[in-house]
Every structure is written in C-alpha cells, then in structure tokens.
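These notes are about the structure you will find just below.
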Amino acid sequence: MADNQNNSNKPSWVAGVQVFSEISAWIVVPIVGALILGKKLDGHYGTSPSIFLSLAFFAFLITIFGIVKVVKNYMQKIKNNGN
C-alpha cells in the first residue's frame with residue numbers, strides 16, 4: 001500500500017524519462033570518451049585508425065552491457081510492482 005502512495009505522487013512519465021536518461025548515458029559516455037581518447041592516442045603514437053577502432057569496439061561492448069543492465073533492472077521493477 002505504501003508503494004502505491006509513493007507512485008501516485010509522481011507523474012506517470014517520470015519512470016520513462018529516468019530509463020531514457022540512463023540508457024542515453026550508457027550510449028553517450030563510453031562511446032564519446034573512447035572516440036576522443038582513441039583519436040588522441042592515435043595522433044600521439046601515429047597508429048592512425050587502430051587504437052581509435054579498438055577503443056570504439058570496446059566502448060560498444062560496454063554500452064551493450066550497460067543497456068542490458070538498465071533494462072533488466074527496469075523489467076524487475078515492473079515485475080515487482082505488478083505483484
């Protein structure tokens with residue numbers, strides 16, 4: 001009963017915006033960070049696209065892991081609130 005009272009105080013769109021922002025952060029932060037770092041390291045070591053592409057691929061894997069984690073947590077919340 002207390003959970004229903006807490007949920008009724010929040011607008012219905014808050015949960016959607018929260019999930020959207022978490023997923024967006026998992027997309028932007030690793031990939032942009034890896035691309036900036038990879039470009040700088042390639043320029044410093046003269047290894048043109050190799051470090052850049054390696055870090056981009058690694059950041060992509062981190063992004064996938066983060067999105068799966070956020071979605072699993074959100075689905076667990078939905079499952080627990082439905083019971």
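The values are calculated or read from the model by the stated rules, or taken from the named source; none is laboratory data. Predicted, not measured: the structure shown is a model, and the values here were computed from it. Cβ atoms come from the backbone with ideal geometry, glycine included; neighbour counts cover every protein chain shown.
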Here the residues within region 46-74 that are modelled with pLDDT under 95, assigned to a helix (DSSP H, G or I) and among the hydroxyl-bearing types (Ser, Thr, Tyr) are Ser50, Tyr74
If we keep only residues of region 15-52 that are in contact (Cβ under 8 Å) with a residue 12 or more places away in the chain and not aliphatic (A, V, I, L, M), then the residue farthest from Ile64 (Cα to Cα) is Lys39
